[in-house]
1. For LYS55, state whether it is without any contact (Cβ under 8 Å) to a residue 40 or more places away in the chain and surrounded by fewer than 24 Cβ atoms within 10 Å (Cβ to Cβ).
2. Suppose we filter THR37, THR46 for residues that are farther than 30 Å from MET264 by Cα and either modelled with pLDDT under 90 or of a type in the set (Ser, Thr, Tyr) (or both); which single one remains?
3. Inside the stretch 96-123, can you point out the residues that are polar (S, T, N, Q), in contact (Cβ under 8 Å) with a residue 40 or more places away in the chain and surrounded by fewer than 23 Cβ atoms within 10 Å (Cβ to Cβ)?
4. Can you pull out the helices (runs of 4 or more DSSP H) entirely within the stretch 211-321 that have at least 1 residues that are within 18 Å of the chain's Cα centre (by Cα), at pLDDT 85 or above and within 22 Å of ALA108 (Cβ to Cβ)?
Amino acid sequence: MDQWILDTYNDSFPEQKYAFLGTVNWMKALGIYIEQTDFDKKIESTYQNIERAQKDKQRDLKVFENLLMSYHNHASLRALSQSGLNPYDISRIAIVSWYYSIYFGGSAMIAALMGESYDTHTKTADVWLKNLIPPKLILPPFNFHLNSLVQTDVDTSITELREGNTHLLWKTPFNLNDARGAILSYLKGSAKFERTKVEEKLLSSKEFKRHELSDFRKKIAQEKRDEQLAKKGVSFLHQAFRYRGKVNYRDSLFLTYGEVHTKMVEQLLKDLFIVSGGFQKMCIRYIKVRLPKESWSLFEQDLNKNTRLSLKFNYWDKINY
């Protein structure tokens, strides 16, 4: 990287190599999980005995509003991935479209289960973790999570999930074993990111200032920190929000600057669409069996008739990865 960039951001700027590899390899790993497992069959078996909700117009409207936005962003991602444009030019906006496909799809599932929608991305991710993960409504690779951010808990959980897997995020994944390792590396990194946010908030709090605590060397500071960390976790939605934030701001530079990695960026666009498609298929299948049949049927018929998007709404039932 040229010196003026380094001088501008000093040592706080992430290294180009690892920022770029983390971006492309996490998405590739997620895509491998969808392509190299019986993902569609698991969708059918997971949602075959879902309790159907009673008719509730307000709940259904929340579900359909979020699902419509998810569908719109997936259609945008499809157009970008098939545009033939310079992949560097569209990489950042493709990731943004991918994120909102995920975020609104997840919000639609939450509304279908609970009849609620939430105003912030973090709250939505928290509800996803606490209410959709435990009843096993989420399929791999979207169900990898941590229920605590306490360092010892994170280390123990990651070790158990790895089951001896040693593949790391900076290595390109090629098979399911590689993909699992890369996904767990990103999960561990996301836990560190979320933990740092909690620590920074505590250090600036009135309570810490009152006790003259400026770090976590004292036992009382460690106890207060771990008390907060034990209440926090990391889900796929937390990670997706982090991924969008990193690339939408400072880290977007690493997709478009420096060494030439055109083939990898082209593959990233394909993987974004694969992962969005798998997530869409999971969300929509759950919603279809969760909502009253009449409500779903009217919504589906209306969209297939009136949407002006090039991707017709029945796409979700015909997705090929």
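The values are calculated or read from the model by the stated rules, or taken from the named source; none is laboratory data. Everything numeric in this text was worked out from a predicted model, so none of it was measured. Ideal geometry is used to build each Cβ from the backbone, glycine not excepted, and the neighbour counts take in all protein chains shown.
1. no
2. When all the criteria are applied, what remains is THR46.
3. If the condition is that a residue be polar (S, T, N, Q), in contact (Cβ under 8 Å) with a residue 40 or more places away in the chain and surrounded by fewer than 23 Cβ atoms within 10 Å (Cβ to Cβ), then SER117, THR122 are the ones that fit.
4. The helices (runs of 4 or more DSSP H) meeting that bar are 236-248, 262-290.
Residue-wise test of (1) in contact with a helix residue (DSSP H, G or I) (Cβ under 6 Å, 6 or more places away or on another chain); (2) modelled with pLDDT under 95; (3) of a type in the set (Gly, Ala, Ser).
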residue	(1), (2), (3)
TYR103	no, no, no
GLU116	no, yes, no
LYS123	no, no, no
ILE138	no, no, no
PRO141	yes, no, no
VAL154	yes, no, no
SER157	no, no, yes
